[in-house]
Amino acid sequence: MRGPVAPPQVPLSASRADAFADLVQDAVERLERRWPQLAEVDFLVLEVPRLTAEDEAWGGDTVPLGGIVPARDERPARVVVYRRPIEIRTKGRDERAALVHDVVVEQVAEVLGLTPETVDPRYGDGEDED
């Protein structure tokens, strides 16, 4: 019997969901350095958006890539990023990271009441580098 190839604390491979969550976390951490108030916002990754009667605005082929739940009472604002719609629209990790970054920036902009370009001047440039 052969031993493990990597130490036990190092996973041999992360699941797609874990890898996606890491991309979201990277985007959030980058933005929190510039906008410390984001520490008060919850960030969630869900597989797909749920369609409700109020979501008729989706229309046709449009499926949201993210959304927000405004702060209410004692609950903080929430930013939600939908994994499967983003994965379907991207090829490869770099493209996925860039789209995740843009979606997070768009949702944060909505929470803060700012434009995405104000939240992050690199918004929409297609790159996800520090």
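The values are calculated or read from the model by the stated rules, or taken from the named source; none is laboratory data. It should be emphasised that the depicted structure is a prediction, and the values quoted were computed from it without experimental measurement. Note: ideal-geometry Cβ built from the backbone for every residue, glycine included; neighbour counts use all protein chains shown. To get the accessible areas, we keep the full protein, side chains included, count just its heavy atoms, and leave off ligands, DNA and RNA. Shrake-Rupley method; radii C 1.70, N 1.55, O 1.52, S 1.80 Å.
The table below lists the values:
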{"item": "Matching residues in segment 109-125 - criterion: being open to solvent by less than 40 Å² (accessible area, probe 1.4 Å) and of a type outside the set (D, E, K, R)", "result": "Ala109, Pro116, Val119"}
{"item": "His101, sole failed condition from (1) touching a strand residue (DSSP E or B) at 6+ places or on another chain (Cβ under 6 Å); (2) within 11 Å of Ala27 (Cα to Cα)", "result": "(1)"}
{"item": "Answer from Ala21, Ala6, Ala17 - the residue that is assigned to a helix (DSSP H, G or I) and modelled with pLDDT under 95", "result": "Ala17"}
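A quick yes/no check of all residues on (1) open to solvent by 60 Å² or more (accessible area, probe 1.4 Å); (2) assigned to a helix (DSSP H, G or I); (3) of a type outside the set (Val, Ile, Thr):
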{"position": "Val79", "(1), (2), (3)": "no, no, no"}
{"position": "Asp94", "(1), (2), (3)": "yes, yes, yes"}
{"position": "Val100", "(1), (2), (3)": "no, yes, no"}
{"position": "Gln107", "(1), (2), (3)": "no, yes, yes"}
